[in-house]
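Below is one structure, written out as structure tokens; the observations come after it.
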Amino acid sequence: MAKITASVYTSHVPAIGAALDLGKDKEPYWQPVFAGYDFSKQWIKEEKPDVIFLVYNDHATAFSLDLIPTFAIGTGAQYAPADEGWGPRPVPTVQGHPELAAHIAQSVIQDDFDLTIVNRMDVDHGLTVPLSLMFGNPPQSHFEWPCSVIPFAVNVVQYPVPSGKRCFELGKAIRKAINSFDQDLNVQIWGTGGMSHQLQGARAGLINSDWDNRFLDRLISDPAGLAEVPHIEYVREAGSEGIELVMWLIARGAMEDVAGGKPAKPVHRFFHVPASNTAVGHLILENQS
Ligand code: DHB
Ligand code: FE
């Protein structure tokens, strides 16, 4: 059977992708950001996931005000890096896993979560930057990502956005779906975006390190309590784009301890300010059961 072995949480700042693509990752500003992922790159080489279920948000790239799905699952065979205004990032096309994705769609929709099914879309920095941080950019000689990826896009851009509670409950349904897939697959679930940041208005530039670190503490040890945090607290404390953090609760809800298993084991935690306009947060939790 398929099994979720670990969850990974990370910010997805677009400037991180640009820094890597332009060879600036050793510069003094960026070096400490990338250093926070040295452990993770080694860890994932050893873990060798077959599939990553990657929860992220589209930033008006594949979707727009024309069409606003709250939750959208990618059931296609592949997804090209999007052109976000500077040309597509020079990273490999993402290979999907249509069979597992279709199974998850079937199971989760029958569990009363309304998903939009997407067979064709381009993927923006929300999805490609986490892949670059965890794997590094693949060399030209072997230009592919090491595993399949199922993109799962959440609307955290245009109001109304889903609550942390609903995201957490959705994570539980995703866990059940993956655990009932009849192929031996090592699956990881990633929650991306955040941490605190605000890109516009009078409070542009807002970062709240204390709140972010409490979020990380509670994500580890009190995820059900954290899921009760109302939307308005994200906006007040973590800025208008801090709401991206509700996506981390989808990944957390899919861990075994939430369903009565042994506690999830933190194997890596990292926090750094600033990267572009945000606080960068990163966490890896392993299932022990
Ligand atoms: C920035 C951060 C984001 O998460 C994003 O999606 C876009 C921009 C920034 O720091 O500028
Ligand atoms: Fe973002």
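Things to note:
- Restricting the first member to the stretch 119-140 and to residues that are more than 20 Å from Glu244 (Cα to Cα), and the second to residues that are open to solvent by less than 20 Å² (accessible area, probe 1.4 Å) and within 12 Å of ligand 1 (Cβ to nearest atom), the beta-carbon pairs closer than 8 Å and six or more apart or on different chains are Met121/Asp58.
- Search result, residues across the stretch 132-146 that are out of contact with any Asp or Glu (no Cβ under 9 Å at 6 or more places or on another chain) and buried (at least 20 other Cβ atoms within 10 Å of the Cβ): Leu133, Met134
- Selected residue (criterion: modelled with the lowest pLDDT) from residues of the stretch 1-19 that are more than 15 Å from ligand 1 (Cβ to nearest atom) and open to solvent by 10 Å² or more (accessible area, probe 1.4 Å): Met1
- Remark: pairs (first residue in the stretch 255-278, at pLDDT 95 or above; second residue charged (D, E, K, R) and within 16 Å of ligand 1 (Cβ to nearest atom); Cβ separation under 7 Å; 6+ apart in sequence or on different chains) = Phe271/Asp212.
- Taking the listed residues Val91, Val108, Val55, Val33, the one that is at pLDDT 95 or above, within 19 Å of the chain's Cα centre (by Cα), part of a loop (DSSP other than H, G, I, E, B) and buried (at least 19 other Cβ atoms within 10 Å of the Cβ) is Val91, with no other qualifying.
- Criterion applied to Val149, Val156, Val129 was being in a strand (DSSP E or B), open to solvent by less than 20 Å² (accessible area, probe 1.4 Å) and in contact with a helix residue (DSSP H, G or I) (Cβ under 9 Å, 6 or more places away or on another chain), and the one residue passing it is Val149.
- Some residue of the stretch 193-201 being surrounded by 14 or more Cβ atoms within 10 Å (Cβ to Cβ), in contact with a strand residue (DSSP E or B) (Cβ under 9 Å, 6 or more places away or on another chain) and closer than 27 Å to Ala101 by Cα: yes
- Test: residue in the stretch 207-223 that is surrounded by fewer than 20 Cβ atoms within 10 Å (Cβ to Cβ), among the small types (Gly, Ala, Ser) and away from ligand 2 (no atom under 13 Å from the Cβ): yes
- The stretch 241-281 - residue that is within 14 Å of ligand 1 (Cβ to nearest atom) and assigned to a strand (DSSP E or B) and, of those, surrounded by the most Cβ atoms within 10 Å (Cβ to Cβ): Thr278
The values are calculated or read from the model by the stated rules, or taken from the named source; none is laboratory data. As the structure is a computational prediction, the values presented were derived from the model and not from experiment. Positions of Cβ are generated from backbone atoms using ideal geometry, with glycine treated the same way; all protein chains shown enter the neighbour counts. The protein model used for the area step is the full one, side chains on, heavy atoms only, and it has no ligands, DNA or RNA in it. Shrake-Rupley method; radii C 1.70, N 1.55, O 1.52, S 1.80 Å.
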